[in-house]
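This report refers to the structure that appears directly beneath it.
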Amino acid sequence: MVEVADRAVEAAWKVRNLEDFDRRLARAARRLDEVTGGLAAMVVYETALMKSGRPPEEVRKMVRSFRDAFEDEEEPLTIAHTSGIMNVEGNDWFFGDGALRVLTGKLLGQFQHRVAQYNYVDEREVLRRWADGYDTRLFVRRRIFETEPVIGVVGGLDLYLLQHLRVAAGGNTLVPGPDVAGALEALGYRAGADPYETLAAAEDLALRLDLPAPVVGEMLAELGREGFRDYPEPPRGETQETPSESSRGEEIASEGGAVSGGAADEPGEQKPVPPERAERAEVRGDPASGEEPSRVQDPQAKDAPGVAEEEGPARKASPPGSGRQDEPGTSGREDA
């Protein structure tokens with residue numbers, strides 16, 4: 001875990017210290033606006049068309065054509081209205097593929113049902129809440145997104161399309177494509193990582209850069225497409241301080257576990273007493289400090305103040321023959 005954290009810190013330093021970091025950041029933000037600037041219905045429509053495998057530019061051109069043809073100021077292209085239009089239109093708006101038309105209708109229907117569960121909430125906000133929701137992130141993190149209530153019912157979407165939909169809906173995530181994986185590998189991450197590992201590493205890098213994950217995803221995708229590898233090397237001590245090599249070999253105790261490999265395991269050695277502990281010991285030993293041990297603190301202490309007074313004078317030994325005869329109610333028993 002220490003090596004993973006060190007790698008993430010070093011990668012964040014390399015990206016932030018690129019000579020053209022600001023320009024790349026601005027370009028990534030502009031490209032992201034093109035993806036997330038549409039209506040909720042158009043976001044769903046675009047995601048379904050991406051399944052065709054056509055270039056994103058061609059897909060967005062089809063979405064713009066549909067919007068120009070059917071958008072009306074008096075009747076906006078809500079999810080319900082868009083679904084009604086697509087029910088009567090042909091497959092020309094789906095590159096002639098009827099399966100894409102069915103997929104789009106299912107996606108629109110699922111989000112229409114989710115919008116109906118909210119009162120007076122904008123459709124884009126409903127999609128954003130779904131994209132950033134804890135349940136959605138949990139299904140992805142556990143690699144069972146096929147069972148997610150929306151995507152699982154629709155079916156036919158892979159992880160890349162799901163992430164594209166989440167990003168387009170305004171979620172703070174990214175698409176773990178091959179270009180992103182290549183950029184992470186050039187930054188020192190493990191080669192051959194699967195999409196889930198790529199997603200986790202890129203989102204962690206975004207946290208360390210203190211930037212939105214979609215923006216970092218666009219930057220990494222651009223670096224991956226370029227095959228960029230000329231990253232600056234951080235000078236020693238520039239990144240966060242890491243534990244020494246000797247401490248890495250020690251076993252660190254987990255919650256509720258024991259610690260091994262420390263000084264406590266070496267016989268004959270005692271840990272140095274902290275200065276404040278030694279100071280407290282001196283104070284307790286000084287009677288003038290008011291820290292003397294009391295009877296309450298240590299009932300067994302014989303030298304505690306007040307002990308002698310509490311005990312009183314020593315009791316004399318009983319004379320011979322005394323015992324049960326001296327007990328009340330025993331008089332006269334001998335005579336009996």
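Per-structure values
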{"item": "Under-5 Å amide H pairs with LEU211, H placed in peptide plane, nonlocal only", "result": "none"}
{"item": "Kirkwood Rh, angstrom, region 153-240 [1 / mean 1/r, Cα pairs]", "result": "13.7 Å"}
{"item": "Cβ crowding within 10 Å averaged over residues, with 49-56, 205-212 ranked highest first", "result": "205-212, 49-56"}
{"item": "Cα gyration tensor shape for region 1-63, rounded if a/c is under 1.5, else prolate or oblate", "result": "prolate"}
{"item": "Accessible area expressed per residue, region 1-81, with surrounding protein chains retained (probe 1.4 Å, Å²)", "result": "56 Å²"}
{"item": "Order by protection proxy (mean Cβ within 10 Å, highest first), peptides 122-130, 149-157", "result": "122-130, 149-157"}
{"item": "For q = 0.29 Å⁻¹, Debye-computed log10 I/I(0) when each Cα of region 57-114 counts as one equal scatterer", "result": "-1.35"}
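The values are calculated or read from the model by the stated rules, or taken from the named source; none is laboratory data. What you see is a predicted model, and the numbers here were worked out from it, not measured in a lab. Positions of Cβ are generated from backbone atoms using ideal geometry, with glycine treated the same way; all protein chains shown enter the neighbour counts. Protein only, heavy atoms only, side chains kept; ligands, DNA and RNA dropped before computing areas. Shrake-Rupley method; radii C 1.70, N 1.55, O 1.52, S 1.80 Å.
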